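The block underneath contains the structure these notes are about, expressed in structure tokens.
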Amino acid sequence: LEDQEVLAFDLGASSGRALIGRMIHESGGAPRLKVEEIHRFPNGPVEIGDHLYWDILRLLEELKTGLRKAFQDGYSPRTFGIDTWGVDFGLLDANGELMGNPYHYRDPHTQEVIEDVVSSIGKEALFEQSGLQLMPFNTVYQLAAMKQAASPKLDAARTLLLTPDLLVYFLTGRMVCEFTMATTTQLYHPSKQAWNTELMDRLSIPPHLFLEVIHPGTAIAPLTQRVCKELGVPPVEAVAVGTHDTESAAVAVPCCSDESFVYLVCGTWSLMGTEREQPLLTEEAARLEFSNEGGVGGTYQLLKNIMGLWILQECKAEWDGQGSVYSYSRLVQEAAGAEPFRSLIDPDDFRFYSPHDMIGKIQAFCLESGQPVPQRVGEITRCVLESLALKYKQTVLQIESLTGESFQGLHMVGGGIQNELLCQLTANALARPVWAGPVEASAIGNMLVQYMSTGHCKDLQTARRLVADSFPIRLYEPQQHPEWVNAYLRFTQLQARKEEEQ
Ligand code: ADP
Ligand code: LRH
């Protein structure tokens, strides 16, 4: 097979990037995937009044820049794929025009409707019919919030396109709805493999907004002639990848054995999960707040959304705003020098979900729980990282109890693995090895699904073998300090105390 190039756009909540992938076939050796980043740009919410939005048109411009650069730099990808964060969407009118800016999933407007939706449908029914844990940002709550606010946009809308599908539409003129993103809406029924129109009816969400679902690996359409002319590029073809970034990342977990594995996609969010053939819809999975998200190759990913490095991103933004600009490596250095286990937080305490005043919220948590209040940059960063490591341990144990599997170690992928301290702390907390890599897992998984669609990569197993053969995977052996056992006990007691208070 010739060395065909592909282009992957991976948009995370904190940054987006365009990468070129090339499959290299050396004589006698196993094929390798070579990846080069050609464009990177920041991303984040834009505040207007009480609302938070995505700057979707600027993101489109960044994609165009990526396309232009690819060809200017001498690459010639034949296909491209777009993956983004989950749940968010744009609404289109009857003329196919975008009606306003898409909300950012942290927009607070869902908070008033969640209780109503849960009490009218029932928490158990919502889980059974979607496989998802209750996250305030799920598309269903966003639409219910728009309905409650009598949004004229919602009344007039003809079509809902989830973010990656919206961007594909802008570039190709073709409207589709890709499966992995569809399963993040909480409006897709995993057992029926269909849109949950009954739930839509009960919440007065118009079912006509939702398109027929297509699966990862499906060719969509080439760039429009207009876009080709504007950018001076040939008609590269859009392929539906695992358009939900978490699902693209899961494709690139370099696990090559037949045994089950547990992974952590470590970025703005920490998504910890394991791959299964069917959703796990038990009461216990619901109680422990796990989701079953549709994955590539007909899989389901049983996973938990953990607040993740968002907490540190927000602290960093505050320090930057005060004029003390710290790089992530400097923050990690400060944390490495700080006293271990001084103060811990529960990263999933809901106060940490919304933007702003993150340092104050961490300090308030510590004060309320009778712990020393972290002040210095290193103390705060260490508190966040150790708490995340403990949360990761708890989640691995929960996945083991839910599935009856036992895992030898943890695969970590995503931007957060550049934080070597976090990887080491995680190995220590777990008392098991951590295999870290690759960093750009979502973009790589995106490329691999493009290669599946063109017949260059057979299946998930081949894809993962290719990742293992192509990228360095760093091993973190656990350093077993007895303090980790006590720290875990303290961590679970903090959570129990909070539950009692509620
Ligand atoms: P997303 O795709 O959700 O935007 P990424 O996968 O890009 O997120 O990961 C972003 C996170 O990676 C940041 O919040 C930061 O904590 C971490 N990170 C990025 N660069 C570094 C670095 N050089 N050292 C340590 N951590 C880093
Ligand atoms: C991570 C992610 C996660 C979703 C959240 C909205 O980027 O896609 O899987 O739940 O963003």
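The values are calculated or read from the model by the stated rules, or taken from the named source; none is laboratory data. Model, not experiment: these values are computed from the prediction. Neighbour counts are summed over all protein chains in view; Cβ atoms, including those assigned to glycine, are modelled from backbone coordinates with ideal geometry.
Things to note:
- Taken together, the criteria place ALA249 among residues that are under 19 Å from TRP435 (Cβ atoms), surrounded by 15 or more Cβ atoms within 10 Å (Cβ to Cβ) and either at pLDDT 95 or above or polar (S, T, N, Q) (or both).
- Restricting the first member to segment 170-197 and to residues that are farther than 15 Å from TYR300 by Cα, and the second to residues that are buried (at least 19 other Cβ atoms within 10 Å of the Cβ) and modelled with pLDDT under 95, no beta-carbon pair is closer than 9 Å while six or more apart or on different chains.
- Between GLU368, GLU334, GLU318, the distinction of being within 25 Å of the chain's Cα centre (by Cα), among the charged types (D, E, K, R) and modelled with pLDDT of 95 or more belongs to GLU318 only.
- Residues satisfying the stated conditions in segment 196-252, i.e. of a type in the set (Val, Ile, Thr), away from ligand 1 (no atom under 16 Å from the Cβ) and within 26 Å of LYS69 (Cβ to Cβ): ILE220, THR224, VAL227, VAL233, VAL236, VAL239
- You will find that of LEU132, LEU98, LEU60, LEU92, the residue that is touching a helix residue (DSSP H, G or I) at 6+ places or on another chain (Cβ under 6 Å) and at pLDDT 95 or above is LEU60 and no other.
- Number of residues in segment 449-502 that are under 24 Å from VAL396 (Cβ atoms), free of Cβ contacts under 8 Å to residues at least 24 places away in the same chain and part of a loop (DSSP other than H, G, I, E, B) equals 1.
- Residues being in contact (Cβ under 8 Å) with a residue 40 or more places away in the chain and outside any loop (DSSP other than H, G, I, E, B) - total across segment 210-234: 7
- LEU7 being more than 21 Å from SER270 (Cα to Cα), assigned to a strand (DSSP E or B) and either within 13 Å of ligand 1 (Cβ to nearest atom) or of a type in the set (Asp, Glu) (or both): no
- Matching residues, segment 14-54, being of a type in the set (Lys, Arg) and within 19 Å of PHE71 (Cα to Cα): ARG17, ARG22, LYS34, ARG40
- Counting only helices (runs of 4 or more DSSP H) that fall entirely inside segment 329-443 and contain at least 1 residues that are without any contact (Cβ under 8 Å) to a residue 60 or more places away in the chain and within 16 Å of ligand 2 (Cβ to nearest atom), no element qualifies.
- Taken over segment 173-217, the criterion of being buried (at least 18 other Cβ atoms within 10 Å of the Cβ) and among the β-branched types (Val, Ile, Thr) is satisfied by VAL176, THR180, THR183, THR184, THR185, ILE205, VAL213.
- Taking segment 235-325 and the helices (runs of 4 or more DSSP H) fully enclosed by it, the elements with 1 or more residues that are within 14 Å of ligand 2 (Cβ to nearest atom) and touching a residue at least 40 places away in the same chain (Cβ under 8 Å) are at 245-251, 310-321.
- Test: ARG68 is within 19 Å of MET447 (Cβ to Cβ) and modelled with pLDDT of 95 or more: no
Residue by residue, here is whether (1) within 16 Å of ligand 1 (Cβ to nearest atom); (2) not charged (D, E, K, R) holds:
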{"site": "LEU63", "(1), (2)": "yes, yes"}
{"site": "PHE71", "(1), (2)": "no, yes"}
{"site": "ASP88", "(1), (2)": "yes, no"}
{"site": "LYS153", "(1), (2)": "no, no"}
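- Residues in segment 324-349 that are small (Gly, Ala, Ser) and away from ligand 1 (no atom under 15 Å from the Cβ) were compared, and the one that is surrounded by the most Cβ atoms within 10 Å (Cβ to Cβ) is SER343.
- When segment 92-106 is filtered for residues that are surrounded by fewer than 22 Cβ atoms within 10 Å (Cβ to Cβ) and either closer than 19 Å to LEU187 by Cβ or away from ligand 1 (no atom under 16 Å from the Cβ) (or both), the ones remaining, listed by number, are LEU92, ASP93, ALA94, ASN95, GLY96, GLU97, LEU98, MET99, GLY100, ASN101.
- Of the helices (runs of 4 or more DSSP H) lying entirely inside segment 117-209, those containing at least 3 residues that are closer than 29 Å to LEU280 by Cβ and under 20 Å from the mean Cα position of the chain (by Cα) span 139-148, 163-172, 179-182.
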